[in-house]
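The values are calculated or read from the model by the stated rules, or taken from the named source; none is laboratory data. Everything numeric here is computed off the predicted structure, so don't read it as measured data. Here Cβ is always computed from backbone atoms with ideal geometry, including for glycine, and neighbour counts include all displayed protein chains. Side chains are part of the model used for accessible areas, which takes the heavy atoms of the whole protein and leaves out ligands, DNA and RNA. Shrake-Rupley method; radii C 1.70, N 1.55, O 1.52, S 1.80 Å.
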Amino acid sequence: SEKVRKVIKVLEVTKSTYFPAFNRLCKEVAQARMEANDNVVYLQTIDPFISKLGNESFAEVSSVFKPLMHTILLIWKNSKFYNT
């Protein structure tokens with residue numbers, strides 16, 4: 001955000017001893033946010049299958065497993081973070 005950038009700039013200009021740690025922390029937060037956003041995109045694809053698992057009878061659940069496992073495989077192959 002703009003407020004965080006201002007704080008970083010002030011710390012940098014004043015040569016604060018907190019600048020390196022705060023700057024590193026901001027980069028880690030940005031990286032974690034990027035990872036979380038990517039995870040949400042992929043996890044939304046399995047939501048319909050998970051909902052069916054909770055709402056169907058046990059006999060009808062078996063039809064959900066194959067597409068669910070296929071989707072999990074695709075997530076693992078294509079996600080930047082779930083395959084590491």
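Within the stretch 42-59, how many residues are surrounded by 11 or more Cβ atoms within 10 Å (Cβ to Cβ) and free of Cβ contacts under 8 Å to residues at least 40 places away in the same chain?
Step one: list which residues in the stretch 42-59 are surrounded by 11 or more Cβ atoms within 10 Å (Cβ to Cβ), which gives 42-43, 45-46, 48-53, 56.
From the residues that got through so far, the ones that are free of Cβ contacts under 8 Å to residues at least 40 places away in the same chain too are 43, 45-46, 48-53, 56.
Number satisfying all stated conditions: 10.
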TODO: Working only within the stretch 4-41, note down all residues that are open to solvent by less than 60 Å² (accessible area, probe 1.4 Å) and farther than 30 Å from ASN83 by Cβ.
DONE: VAL4, ILE8, LEU11, SER16, PHE19, ALA21
Open item on the list: The conditions are (1) more than 26 Å from LYS80 (Cβ to Cβ); (2) at pLDDT 90 or above; (3) in a helix (DSSP H, G or I), and VAL61 fails exactly one of them. Which is it?
Closed with: (2)
